[in-house]
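Trainee: Can you read through this structure? Questions will come right after.
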Amino acid sequence: MVVAANAASLAVRMSLNRAVIFLGPPGAGKGTQAKRVAERYHVPHLSTGDMLREAVSRGTELGKLAKPIMERGELVPDDLILRMVEERLSRKDSQGGVIFDGFPRTIPQAEQLGQILARHGFGAPLVVEFLVDPDKLLHRLSGRWMCTVGGEIYNIYEQPPKVPGICDKDGGKLVQRTDDRPEVVRERLVAYERQTKPLVEYYRKNGKVEALDGSTGVEEVNRALMEIVKRAEGRDGHL
Ligand code: AP5
């Protein structure tokens, strides 16, 4: 009985029931933290960057369109992104909430997302703004390696794999992203400042924004982030 009660209270504590948006510049740690939070709450981690990279590697029509744009560090057109997101959200697994990583990135994407969330029965999203010094971003991105199988993220300076070039989790090959070259990173940072940063103000009026110091180590950032997410569990999440 006690065990059942504890299990029930744990289930209640771990239900997210809302959309959470991770907003922040390239290299801020959104993907690293989104994987952890999504696993903890058993909700999907929806990264438009990962979805686009998959489309590129599969050579789909979307991938062919997106590839040169991503290689220049620019944003992929809103209509393509929104179609991809709507399709993904139509799967049943996002009913208990969802973590958006790198989406939305423009005001039109945010406006459309508001309508999509309403159609799926969610209220205003919680937005976590990752704050990291630009010098740190460049350093992190220069050391990032990603698994070609499961997408696990490593950093040769901070979180190296046990065997260089091989994923600890599934043995997949690790590669560097082509858009992590310094000249492309600079373009991505410009795109962030111009097109995505205005979303902070937008969500101050149309949701809730919590600032997160993303400059400390992965574990410390995770602790601070979990506090923010726990405070917001379910509150205004579902209509
Ligand atoms: P996307 O894949 O979304 O890239 P991004 O937003 O630029 O972010 P990153 O993935 O580079 O960084 P992150 O914050 O996830 O950092 P990570 O956790 O990996 O988008 C790529 C492209 O796709 C865009 O440029 C655009 O062309 C297109 N696109 C995607 N979405 C779009 C949209 N909605 N609309 C239009 N176009 C879109 O960490 C980085 C490194 O730092 C890793 O090595 C990690 O191990 C390390 N690290 C993480 N946290 C810490 C820490 N606390 N301390 C030390 N090291 C850390």
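Trainee: Take the residues of segment 37-48 that are more than 10 Å from the ligand (Cβ to nearest atom), of a type outside the set (A, V, I, L, M) and outside any helix (DSSP H, G or I): which is nearest to the chain's Cα centre (by Cα)?
Mentor: Looking at the filtered set, the residue picked out is His45.
Trainee: Residue check, Lys230 against (1) within 29 Å of Glu111 (Cα to Cα); (2) within 10 Å of the ligand (Cβ to nearest atom); (3) within 19 Å of the chain's Cα centre (by Cα), all met but one. Which one?
Mentor: For Lys230, the failing item is (2).
Trainee: Checking Asp133 against (1) within 13 Å of the ligand (Cβ to nearest atom); (2) modelled with pLDDT under 95; (3) within 22 Å of Thr48 (Cβ to Cβ), which test does it fail?
Mentor: That leaves (3) as the condition not met.
Trainee: Scanning segment 103-146 for residues that are of a type in the set (S, T, N, Q) and under 16 Å from the mean Cα position of the chain (by Cα), which turns out farthest from Arg18 (Cα to Cα)?
Mentor: Here is the first cut: in segment 103-146, the residues of a type in the set (S, T, N, Q) are 106, 109, 112, 115, 142.
If we keep only those that are under 16 Å from the mean Cα position of the chain (by Cα) as well, we get 106, 109.
On the way: Thr106: 21, Gln109: 18 Å.
Of everything passing the filter in segment 103-146, Thr106 is farthest from Arg18 (Cα to Cα).
Trainee: Are any of the residues in segment 149-161 under 17 Å from Leu52 (Cβ atoms) and of a type outside the set (Gly, Ala, Ser)?
Mentor: There is at least one residue in segment 149-161 that is under 17 Å from Leu52 (Cβ atoms) and of a type outside the set (Gly, Ala, Ser).
Trainee: Looking at segment 144-156, is at least one residue within 12 Å of the ligand (Cβ to nearest atom), modelled with pLDDT of 95 or more and among the basic types (Lys, Arg)?
Mentor: Yes, because at least one residue in segment 144-156 is within 12 Å of the ligand (Cβ to nearest atom), modelled with pLDDT of 95 or more and among the basic types (Lys, Arg).
For every residue, the table says whether it meets (1) in contact with a strand residue (DSSP E or B) (Cβ under 9 Å, 6 or more places away or on another chain); (2) among the hydroxyl-bearing types (Ser, Thr, Tyr); (3) free of Cβ contacts under 8 Å to residues at least 12 places away in the same chain; (4) surrounded by fewer than 18 Cβ atoms within 10 Å (Cβ to Cβ).
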| residue | (1), (2), (3), (4) |
| --- | --- |
| Val127 | yes, no, no, no |
| Thr148 | yes, yes, no, yes |
| Ile156 | yes, no, no, yes |
| Val175 | yes, no, no, yes |
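The values are calculated or read from the model by the stated rules, or taken from the named source; none is laboratory data. Predicted model only: the values in this text are computed from it and were never measured. A quick note on method: Cβ atoms are made from the backbone with ideal geometry, for glycine too, and the neighbour counts reach across all protein chains shown.
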